Amino acid sequence: MSDSIDYTPPRVWSWDKESGGQFASINRPHAGSRYEADLPVGKHRYQLYSLATPNGVKVTTLFEELLEAGYGEAEYDAWPIRIGDGEQFSSGYVAVNPNSKIPVLVDYSVSAPRRIFESGSILLYLAERFGAFLPTDPDVRTETLNWLFWQMGSAPYLGGGFGHFYSYAPEKIEYAVDRFTMEAKRQLDVLDRRLADNAYLAGDAYTIADIATWPWYGALALGRLYDAGEFLRVDEYENVQRWAKAIDKRPAVVRGRMVNRLWGDESEQLHERHGASDFKRRTQDKLMSEA
C-alpha cells in the first residue's frame, strides 16, 4: 500500500461544510426539515415518493410485479424526490420519513394514512398486504427474510462504502477503496455460493429477497453500478450473472427501473408514474421524437 497523509482525529469533531465531496451541499450532521412544502397526492391508495436509485427501484419493481400478477389494488402514484436538490428535507417529506431518505410510501387505504419508510419495511408491508412474493411455508418464509435483512445490512457497505470511496469521494484513498472492495467482493461471493444450488435467494421461488437484492447486486453484476464491473471482475460470479440476467428480463423489472428515473437514456425514464398507460405514452413519445 502506498504512503498516505497521516491524520489524527481532533479531540472533539466539528462539522466542516466545505468537505464531503459530491454530496457536500446536502449533507448535515443533524436531522429535520429545511423548508416548508407539502407532498403531492395522486388518485391511488398508495403514494410513493422516491427516486430510481437501487433502494427506490426495489419498491417500484415490487409494485409492478404485483400489478403484473393481477393485483389491481396495487395501483400507485410515484412522485420523484430529487435528492441532489434536497427535496427529501421538505417539511412534507420529513413528516412521513424523519430519516429523510428515499423511498417512503403512504398508504391511504386505511382510516388514518399510514407511513412506511425504509425500503425493506415497504417490501415486507406490501408483500404481507397482498399475500404475494413472501412464501407462507415457515422455512421458506424465514429464508426469504434472512436474505431480505442480509441485503439491508450489506448494501450500506456496497453503497456508502465501496460506491462512495470508489466513485464519489473527493480524494481516492487506497486503504478505503481496498477495504470496501474486499467487502463488496466477499458479498458477491456469498451470493454466488447461495445461487449455485438455488434459482433464487430463498430457493425455487422469486421473492421480495430477490426484489430487494437485484437493484444493488444484480445491477453491479450487469455493469450498471458505479461503472465498476471490470474493476470488481463481476464476470467471475457466474451464478450471480445467471440470476441477474434472468431477473433483468422480467417485464415488471423493466418497468420498475424506469419509474422516477431522471437520468440516462430517455427511453428508460418515467419521471412520474400514475398509471400503466404512462409506460405506453412514454414509448409513443419516444417513437414520435425519433420520427
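The values are calculated or read from the model by the stated rules, or taken from the named source; none is laboratory data. Given the structure is predicted, the values throughout are model-derived calculations rather than measurements. With ideal geometry, Cβ positions are generated from the backbone for all residues, glycine too; neighbour counts draw on all protein chains shown.
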Can you say whether ARG250 is surrounded by 22 or more Cβ atoms within 10 Å (Cβ to Cβ), among the charged types (D, E, K, R), in contact (Cβ under 8 Å) with a residue 60 or more places away in the chain and in contact with a Phe, Trp or Tyr (Cβ under 9 Å, 6 or more places away or on another chain), as far as the supplied structure shows? no
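Looking at region 120-129, can you tell me whether even one residue there is at pLDDT 95 or above, under 25 Å from PHE180 (Cα atoms) and of a type in the set (Gly, Ala, Ser)?
Keep residues of region 120-129 that are at pLDDT 95 or above, which gives 120-129.
This time we only want the ones that are under 25 Å from PHE180 (Cα atoms), so: 120.
Then drop every residue that is not of a type in the set (Gly, Ala, Ser), which leaves 120.
Scanning region 120-129 turns up at least one residue that is at pLDDT 95 or above, under 25 Å from PHE180 (Cα atoms) and of a type in the set (Gly, Ala, Ser).
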Kindly provide the set of residues from region 207-236 that are of a type outside the set (A, V, I, L, M) and surrounded by 18 or more Cβ atoms within 10 Å (Cβ to Cβ), ordered by number. THR207, ASP210, THR213, TRP214, PRO215, TRP216, TYR217, GLY218, TYR226
Applying the selection to region 103-139, what residues are closer than 15 Å to ILE211 by Cβ and β-branched (Val, Ile, Thr)? ILE122
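Residues that are over 18 Å from the mean Cα position of the chain (by Cα) and more than 20 Å from ILE102 (Cα to Cα): which helices (runs of 4 or more DSSP H) entirely in region 162-271 hold 2 or more of them?
174-195, 229-232, 238-248
Select, from ALA95, ALA74, ALA176, the only residue that is of a type in the set (A, V, I, L, M) and either under 24 Å from LYS249 (Cα atoms) or surrounded by fewer than 13 Cβ atoms within 10 Å (Cβ to Cβ) (or both). Steps first, please.
Values: ALA95 fails: either under 24 Å from LYS249 (Cα atoms) or surrounded by fewer than 13 Cβ atoms within 10 Å (Cβ to Cβ) (or both); ALA176 fails: either under 24 Å from LYS249 (Cα atoms) or surrounded by fewer than 13 Cβ atoms within 10 Å (Cβ to Cβ) (or both).
One residue alone meets the criteria, ALA74.
In region 131-138, is there at least one residue being at positive phi and of a type in the set (A, V, I, L, M, F, W, C)?
Within region 131-138, the first condition is being at positive phi, and the residues that meet it are 131, 133.
From the residues that got through so far, the ones that are of a type in the set (A, V, I, L, M, F, W, C) too are 133.
Checked against the condition, which is being at positive phi and of a type in the set (A, V, I, L, M, F, W, C), region 131-138 yields at least one hit.
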Residue in region 18-33 that is at pLDDT 95 or above and among the charged types (D, E, K, R) present: no
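Considering only residues that are on the phi < 0 side of the Ramachandran plot and outside any helix (DSSP H, G or I), which ones fall in region 107-124? Even if it seems obvious, please write down each step before you answer.
Residues of region 107-124 that are on the phi < 0 side of the Ramachandran plot, as a first pass: 107-117, 119-124.
Within region 107-124, ASP107, TYR108, SER109, VAL110, SER111, ALA112, PRO113, ARG114, ARG115, ILE116, PHE117 meet the criteria.
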Quick check, is PHE162 buried (at least 16 other Cβ atoms within 10 Å of the Cβ) and in contact (Cβ under 8 Å) with a residue 60 or more places away in the chain? yes
Residue list for region 62-106, filter: in a strand (DSSP E or B) and more than 14 Å from ILE26 (Cα to Cα): TYR76, ASP77, ALA78, TRP79, PRO80, VAL104, LEU105, VAL106
Subset of region 169-199 [in contact with a Gly (Cβ under 7 Å, 6 or more places away or on another chain) and under 16 Å from ALA155 (Cα atoms)]: PHE180, GLU183
Failed criterion for LEU201 (all others in (1) touching a Lys or Arg at 6+ places or on another chain (Cβ under 8 Å); (2) surrounded by fewer than 22 Cβ atoms within 10 Å (Cβ to Cβ) hold): (2)
Hey, GLN47 hits all of (1) free of Cβ contacts under 8 Å to residues at least 24 places away in the same chain; (2) not in a loop (DSSP other than H, G, I, E, B) but one; which does it fall short on? (1)
